[in-house]
């Protein structure tokens, strides 16, 4: 399945430069996300923009497929990328600031989509696990009787990318998918999860010890 990793925003809330390249345990945040989708068997493409020139350079330097979108908004950039890439099959999309996502979680989303029978699938996390984006945490719906917020990972059918698509909703009860990095406190949480063995991980934000 084609995976689009959206990395075209300014990341102004974190205020540490281009957010996809902010390091956690010595690695750029986006590297964790790209790796998770790649190891789950996806053909991964990073969707960047003129707002993230260093992210584009990083992708080129590391041989990661890249599409440069017009930075007209999250949904608009997805539509543009899918249209220009000519992809008509299912596409999994993801934000680039969920560094704790794992290949197993990505595989779970893909399998749920294949079983759903709907053109689209959205992924949700119990609201109790949602940290980082206040906007995301404030947007809640009840999924399977649980207050939940969007996880930032979805599946869409490329052939219908400009249409509203009927979707299934998948609730994943995993704190790793709920950690959306938007503040330095979120970076500390991510570091504690990704490199708990490193002394001072919650303070380093990726600097070598």
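Considering region 69-117 alone, what residues qualify as being surrounded by fewer than 16 Cβ atoms within 10 Å (Cβ to Cβ), assigned to a helix (DSSP H, G or I) and touching a helix residue (DSSP H, G or I) at 6+ places or on another chain (Cβ under 6 Å)?
Within region 69-117, 103 is the sole residue that qualifies.
For region 56-63, state whether one or more residues are more than 17 Å from the chain's Cα centre (by Cα), at positive phi and crowded, with 19+ Cβ neighbours inside 10 Å.
no
Cβ-Cβ under 9 Å, sequence separation 6+ or interchain: first residue in region 156-172 and over 14 Å from residue 122 (Cα atoms), partner assigned to a strand (DSSP E or B). Which pairs?
158/2; 158/90; 158/91; 160/120; 161/91; 163/157
Just wondering, is there one or more residues in region 27-45 that are within 19 Å of residue 182 (Cβ to Cβ), surrounded by fewer than 19 Cβ atoms within 10 Å (Cβ to Cβ) and either in contact with a strand residue (DSSP E or B) (Cβ under 6 Å, 6 or more places away or on another chain) or touching a residue at least 40 places away in the same chain (Cβ under 8 Å) (or both)?
yes
Read the figures in this text as sums done on the coordinates, not as results from a lab. A quick note: this is a predicted structure, and the numbers were derived from the prediction, not measured. Here the Cβ is made from the backbone with ideal geometry for all residues, glycine too, and neighbour counts use every protein chain on show.
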